[in-house]
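Trainee: I am attaching a structure below and will ask some questions about it afterwards.
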Amino acid sequence: MSKWIGVTILAAGVAMTFGCSQGPSGTAAVIEDKTYTVTPASVTVKAGIVTGEVTEMKVTERVEKGSGRVVSPAKLTGTLKLKNTSANQTVRLLAGKILYIDVQGQPIKLEAARTEPTVKFTTYGKEQLEPGQDATQSLDVEFPAEALKAKKLKEIRLELAYIPSPYREEMINFTVSIGEGK
């Protein structure tokens, strides 16, 4: 085991010696956000007993000014507000999945090494909605470069996974009497 530790330390030492040397300083590349508008920027959504709205949608990627080289791939951002419209069921939100659909009705794939665009409802209080209750969630998910091309993206699909469960309020009466204290 000590041989492996020695090799690891040596490799770290070499990386520090050669990787940290300063070369001639050049001009730093200027990075800017390139924002694409999403039309419409707000939409109403409905999935069973869950309704809501997606607002402030936009797509942003970071590019190097001048060369146009993409530094940070495109992301879709916005706000998702969901409401439980049921009168008698609680909704436990599990997850959401976003699909980008092309003009032929087919999903547009993300580039390799990018994570699937999902919405997780793990923050306390946002994952369970009582009847009439709503929750707001920020969206910040990967967006395929292919969908940035003109007339390529037709729609965005949000698939919600949730568990409805009966919500009941019951009344219980019990008889009591109060005795005189001593």
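Read-outs: derived from the displayed coordinates by stated rules, not from any lab. This one's a predicted model, so the numbers in the text were calculated from it and none came from an experiment. Note that each Cβ is placed from the backbone with ideal geometry, even for glycine, and that neighbours are counted across all protein chains shown.
Trainee: Would you work out the Kirkwood radius for the stretch 29-166? I mean one over the mean of 1/r across all pairs of different Cα atoms, in Å. It would help to have the intermediate numbers written out before the result.
Mentor: Details: mean 1/r = 0.0616 Å⁻¹.
Mean inverse Cα-Cα distance, inverted, gives 16.2 Å.
Trainee: A further question follows. Please list 130-140, 84-94 highest first by mean number of surrounding beta-carbon atoms within 10 Å per residue. Write out the running numbers ahead of the final one.
Mentor: Values: 130-140: 14.0, 84-94: 17.3.
Output ranking for 130-140, 84-94: 84-94, 130-140.
Trainee: I've got another one for you. Say the dipole of the stretch 29-166 comes from +1 at the beta carbon of Lys and Arg and -1 at that of Asp and Glu; which of VAL50, VAL91, VAL103 then lies farthest toward its positive end?
Mentor: Toward the positive end, the furthest listed residue is VAL103.
Trainee: Then there's this: Of the GluC sites (Glu not before Pro) in the stretch 51-122, which ones lie in a loop per DSSP and count no more than 16 other C-beta atoms within 10 Å? All intermediate terms of the calculation are to be shown ahead of the outcome.
Mentor: On the way: sites: GLU53, GLU56, GLU61, GLU64, GLU111; in loops: GLU111.
Taking the stretch 51-122 and a limit of 16 other Cβ atoms within 10 Å, the loop GluC sites (Glu not before Pro) found are GLU111.
Trainee: What is the local net charge at LYS34, summed over the other residues whose Cβ is closer than 9 Å to its Cβ (Lys, Arg +1; Asp, Glu -1)? If you can, show how the numbers build up before the last one.
Mentor: On the way: positive: ARG62; negative: GLU32, ASP33, GLU61.
With Lys, Arg at +1 and Asp, Glu at -1, the net is -2.
Trainee: Under unit Cβ charges (Lys, Arg +1; Asp, Glu -1), what dipole magnitude, rounded to 20 debye, does the stretch 29-166 have relative to its Cα centre? Provide the component values of the computation, followed by the final result.
Mentor: On the way: 20 positive and 17 negative charges, 49 e Å.
For the stretch 29-166, the charge dipole is close to 240 debye.
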